[in-house]
Structure formats: structure tokens, C-alpha cells
Amino acid sequence: MLETERLIMRPFIESDVDEIFAMRSDEDIMRFIREPQGRKESFDWIKLVSAHWNTDKLGFCAVIEKNANKFLGWCGIWRLKETGEMEIGYAIDKAYWGKGFATEAAEKFMRYAFEQLNAEKLVAVARPENTASRRVMEKLGMKFVKTGTFYSQTLVQYSISKSEWEKRRQHQF
């Protein structure tokens, strides 16, 4: 579906349930997302985040490291429940934290949202204490907007407009 120098982002397949379950049941990975979940919830989550690809071109994908063909986590575009805005989301298995995979995958999905979906703005949310996720948002060029209630939690919200993204891309080349 989407590809970078190191990554392939593809639709989830049935065998990904084991990887998703391993991540979604890991307290370290889930501590900033939600309570750890069981296998059935992991399967249901894959169905949910895959259901809108055909209709809305939105959802989450498996993030695969090309060289080793290793499942690293997930990334994608979703509608923020409270506002309907396009939200970028990501989670990487803790064995691969600190290697830039979340930023690399999210940058590709930002490009997809702005160029293919004609998004005018993208947002992202995280728990205030999740400094790693906030750092990814900042690396993406997103700016802090506010602290609010999203997904029944107190989260920080960041955003970037299409024009800000385009200016940032011009300065990168």
C-alpha cells in the first residue's frame, strides 16, 4: 500500500492478529493508549480499523520492516471521534523504539492524507506524559493545540495544516 526506504505499510492480514495481540497485551506499549487487551479485542480492533479502507480510504495498516520482513507495529489515518478531524496514529513494538520508525511511517501517511485525501489539516493526540509520541508529532511539524478530552481521556492535541506541511516540505529539499 505505502512504502518508504525502510518500511512497507500494508493492510492487516489474518496472521497479524498474533502480533497485534502481543502489542496490545503489553503494559509498556499500551500504558499511554489504553488498558491492555485480550486476543478477541485485538481481532475486533483489526476489523474496525480495516473496515473503512474501501469506503473512506482511512484506516490503520501493519508497519513492516522491509529487509527483515518484520512486523513493527501500526500506523494510519483515522477520524478523531470527538471532532471528525483526520487523525494520524501510530504504535511501534517496544523492541523497535527509538529507531525513527513511527516518524517515518507517520510522515508517509501525512503525505497520503494531504496528497491523496486532500486533507486540509491533520491532528494527533496523546497522553500529556507520553513524551516519545509528542516528540514524533513535533518531528512531523505538528504544533501543540490544546489539552482536551478525547477517547474519554485527557489528551494533548497537536495539528498541522496542509499549507504548513507544504512549506515544511519545501524547506527539506
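If you go through the stretch 60-79 one residue at a time, how many are over 17 Å from GLU5 (Cβ atoms) and surrounded by fewer than 19 Cβ atoms within 10 Å (Cβ to Cβ)?
2
What residue, of GLU120, GLU129, is farther than 20 Å from ILE64 by Cα and in contact with a Lys or Arg (Cβ under 7 Å, 6 or more places away or on another chain)?
GLU120
Restricting attention to the stretch 120-147, and to residues there that are closer than 15 Å to THR83 by Cβ and in contact (Cβ under 8 Å) with a residue 24 or more places away in the chain, which single residue is surrounded by the fewest Cβ atoms within 10 Å (Cβ to Cβ)?
Among them, the one singled out is GLU120.
Within the stretch 4-43, restricting attention to residues that are part of a loop (DSSP other than H, G, I, E, B) and hydroxyl-bearing (Ser, Thr, Tyr), which residue is modelled with the highest pLDDT? Lay out the reasoning, then the answer.
At the first step, the residues of the stretch 4-43 found to be part of a loop (DSSP other than H, G, I, E, B) are 4-6, 11-15, 25-26, 31-38.
The next check asks that each one be hydroxyl-bearing (Ser, Thr, Tyr); those that pass are 4, 15, 25.
Values: THR4: 96, SER15: 85, SER25: 71.
That would be THR4.
Name the helices (runs of 4 or more DSSP H) wholly inside the stretch 95-173 in which the number of residues that are hydrophobic (A, V, I, L, M, F, W, C) is 2 or more.
101-115, 131-139
Given TRP53, TRP74, TRP78, which one is over 26 Å from GLY148 (Cα atoms), of a type outside the set (Lys, Arg) and touching a strand residue (DSSP E or B) at 6+ places or on another chain (Cβ under 6 Å)?
One residue alone meets the criteria, TRP53.
The values are calculated or read from the model by the stated rules, or taken from the named source; none is laboratory data. The structure displayed is predicted, hence computed values, not measured ones. Positions of Cβ are generated from backbone atoms using ideal geometry, with glycine treated the same way; all protein chains shown enter the neighbour counts.
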